[in-house]
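Student: My questions will all concern the structure given below.
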Amino acid sequence: MKTAPRLLTSAEIKMGLKSLNSWRYSTKWKVITVERKMKDFKSAVQAIQKIAKLAEKANHHPDIHLTRYKRLKILLTTHEAGGVTERDLRMARQINLIVYQ
């Protein structure tokens with residue numbers, strides 16, 4: 001039987017977010033999240049496609065919201081663990097390479 005990844009403490013999450021542009025931790029929802037205004041609609045959709053490919057490969061799927069035609073909001077949590085794990089921080093670092101290029 002596979003064990004769930006270890007939940008990070010609030011202190012560990014805050015330390016991990018120090019190197020991640022604009023990512024925040026929501027204690028209420030137990031997620032890390034970032035909002036990014038993209039150049040235009042096309043670049044926002046392309047970013048979503050790249051994140052989707054990355055998520056499929058990692059089998060770790062963020063919630064992605066596209067609003068106001070070019071604003072992305074991305075939320076990460078490890079559902080099986082019930083909150084934020086190292087897996088979420090790794091994925092956030094990879095997502096940053098896409099949305100901050």
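FYI, it's all coordinate maths here, none of it is from the lab. Values in this document were obtained by computation on a predicted structure and should not be read as measured data. Note that each Cβ is placed from the backbone with ideal geometry, even for glycine, and that neighbours are counted across all protein chains shown.
Student: On the given criteria, is Ala44 in a loop (DSSP other than H, G, I, E, B), more than 12 Å from the chain's Cα centre (by Cα) and either in contact (Cβ under 8 Å) with a residue 24 or more places away in the chain or loosely packed, with under 13 Cβ neighbours inside 10 Å (or both)?
Tutor: No; evaluated as a whole, the condition is false for this residue.
Student: Out of region 83-100, which residues are within 14 Å of Glu35 (Cα to Cα) and either polar (S, T, N, Q) or not in a helix (DSSP H, G or I) (or both)?
Tutor: Matches in region 83-100: Asn96, Tyr100.
For (1) acidic (Asp, Glu); (2) closer than 19 Å to Arg6 by Cα; (3) out of contact with any Phe, Trp or Tyr (no Cβ under 7 Å at 6 or more places or on another chain); (4) surrounded by fewer than 17 Cβ atoms within 10 Å (Cβ to Cβ), each residue gets a yes or a no:
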site: Arg24; (1), (2), (3), (4): no, no, yes, yes
site: Val31; (1), (2), (3), (4): no, yes, yes, no
site: Glu35; (1), (2), (3), (4): yes, no, yes, yes
site: Ala55; (1), (2), (3), (4): no, no, yes, no
site: His61; (1), (2), (3), (4): no, yes, yes, yes
site: Leu66; (1), (2), (3), (4): no, no, yes, yes
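Student: Among the residues of region 65-82, write down those that are of a type in the set (A, V, I, L, M, F, W, C), out of contact with any Asp or Glu (no Cβ under 6 Å at 6 or more places or on another chain) and assigned to a strand (DSSP E or B).
Tutor: Once the filter is applied, which keeps residues that are of a type in the set (A, V, I, L, M, F, W, C), out of contact with any Asp or Glu (no Cβ under 6 Å at 6 or more places or on another chain) and assigned to a strand (DSSP E or B), region 65-82 yields Leu66, Leu72, Ile74.
Student: Quick one: is Lys18 at negative phi and surrounded by fewer than 18 Cβ atoms within 10 Å (Cβ to Cβ)?
Tutor: Spelling it out, Lys18 is indeed at negative phi and surrounded by fewer than 18 Cβ atoms within 10 Å (Cβ to Cβ).
Student: Now, a different point. For Thr3, indicate whether it is of a type in the set (Val, Ile, Thr) and either in a loop (DSSP other than H, G, I, E, B) or at positive phi (or both).
Tutor: In short, yes.
Student: May I pose another question? State all residues of region 21-41 that are part of a loop (DSSP other than H, G, I, E, B) and under 16 Å from Thr78 (Cβ atoms); if no residue qualifies, say none.
Tutor: Trp23, Thr27, Trp29, Lys30 - these are the residues of region 21-41 that are part of a loop (DSSP other than H, G, I, E, B) and under 16 Å from Thr78 (Cβ atoms).
Student: Okay, next question. When the residues of region 47-77 are filtered to those that are over 18 Å from Leu20 (Cα atoms) and of a type in the set (Ser, Thr, Tyr), which remaining residue is nearest to the chain's Cα centre (by Cα)?
Tutor: Out of the qualifying residues, it is Thr67.
Student: Hey, any hits in region 64-81 for a residue that's hydrophobic (A, V, I, L, M, F, W, C) and touching a residue at least 60 places away in the same chain (Cβ under 8 Å)?
Tutor: yes
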